[in-house]
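Colleague: I am attaching a structure below and will ask some questions about it afterwards.
The values are calculated or read from the model by the stated rules, or taken from the named source; none is laboratory data. Treat the numbers as computed from the prediction; the structure is a model and nothing was measured. As a convention, Cβ positions derive from the backbone with ideal geometry for all residues, glycine included, and neighbour counts pool all protein chains shown. Areas reflect the complete protein model, heavy atoms only, side chains present, ligands, DNA and RNA absent. Shrake-Rupley method; radii C 1.70, N 1.55, O 1.52, S 1.80 Å.
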Amino acid sequence: SWNSVQPKPPPAAYDWGDLPDALERAYANGGRLMMLLWAGTVRTPSWVYDLGVEMVANSSGGAVPNYLSPKYQDLVRTVHKDLAAFLRSKAPANKAFMALQPCLGATGDDTPFHPGSYTVLDKALEARIRAAWPEYYRNMSLFLHNDAFAPEIAANQMVLLVNGEDSFPDWWVNENLP
């Protein structure tokens, strides 16, 4: 999860945990890894709020960020770009990495957060987020596809996994993904 790999704000170093060893083991044994980088709801580092990202809802377990905030989006893009750079730095083990599923909302699907689990702090902002969610989710996924992992995807070394049929209708997939 994002809050695990980046528990402190930039410029603090990332904590990739067991990922380097998992990459090496997979490569040594001819295996492949699929990664889900959870970056929504309670998996968002708490320090993002200190950097000006608005909190939309909260619970005893954590908070929900304003996914539409340009600052939040920049931070999510950065952690994914840095993950891509980290994986590239682990050659040849980076050949063991085969897929990324962006988990940007409540459970990595087309829901920003589940209403019964949180106390909404700003109902107007919640409504804007819910209305914009499918487009946001597609655009962030497309960023990961086209920017963060473009070389690997172009070389057929990796695929982008998507979740949520409502957010990824056939017309969009055919238009935007190879």
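Colleague: What is the distance in Å between the Cα centroid of region 1-39 and that of region 71-87?
Modeller: 13 Å
Colleague: Follow-up question, since we're still on this one. Counting only protein heavy atoms, what percent of the accessible surface of region 71-163 is carbon or sulfur at a 1.4 Å probe?
Modeller: Summing carbon and sulfur atoms, their accessible area is 52 percent of the total for region 71-163.
Colleague: Calculated from the structure, percent of Cα pairs over 22 Å apart equals which of [x] 55; [y] 46; [z] 64?
Modeller: It is the one labelled [y].
Colleague: Quick query: amide H of W38 versus all other amide H atoms, modeled in the peptide plane; which residues come in under 5 Å with a sequence gap of 5 or more or a different chain?
Modeller: The list, which skips near neighbours in sequence, is W2.
Colleague: Here's something else I'd like to know. Return the calculated 222 nm mean residue ellipticity for the chain, to the nearest 500 deg cm²/dmol, obtained by summing -39500 (n - 2.57) across DSSP H runs with n ≥ 4 and dividing by the residue count.
Modeller: Helix-only estimate at 222 nm: -12000 deg cm²/dmol.
Colleague: Per residue, what accessible area does the chain have, given a 1.4 Å probe and all protein chains present, in Å²?
Modeller: Dividing the accessible area of the chain by its residue count gives 49 Å².
Colleague: On to the next question. Can you give the extra length, in nm with one decimal, that the chain gains between S59 and N176 once fully stretched, where that is 0.36 nm per residue apart less the Cα-Cα distance?
Modeller: Additional length available on full extension: 38.5 nm.
Colleague: Let me ask another. Report ³J(HN,Hα) in whole Hz for each residue of region 62-74, in order, from the Karplus equation J = 6.51 cos²θ - 1.76 cosθ + 1.60 where θ = phi - 60°; Gly and Pro get x.
Modeller: x, 9, 10, x, 7, 4, 7, 5, x, 5, 4, 4, 4
Colleague: Hey, another quick one. Between V56 and residues 5 or more places away or on another chain, which pairs have amide H atoms under 5 Å apart, with H built 1.01 Å from N, and which residues are they?
Modeller: V64, N66
Colleague: Give the peptides 63-71, 151-159 in descending order of average Cβ contacts within 10 Å, highest first.
Modeller: Listed from highest to lowest mean packing, they are 63-71, 151-159.
Colleague: Here's a follow-up. Return the sequence-ordered ³J(HN,Hα) values of region 31-38 in whole Hz as given by the Karplus equation 6.51 cos²θ - 1.76 cosθ + 1.60 applied to θ = phi - 60°, using x for Gly and Pro.
Modeller: Values per residue, Gly and Pro as x: x, 9, 10, 10, 10, 10, 9, 6 Hz.
Colleague: For F97, list long-range residues whose amide hydrogen, built 1.01 Å from N in the peptide plane, is under 5 Å from its own amide hydrogen.
Modeller: Here the answer is L33, since their amide H atoms fall under 5 Å of that of F97.
Colleague: Cα to Cα, under 19 Å, and not fewer than 8 places away if on the same chain: which lysines meet these conditions relative to K95?
Modeller: Partners found: K81.
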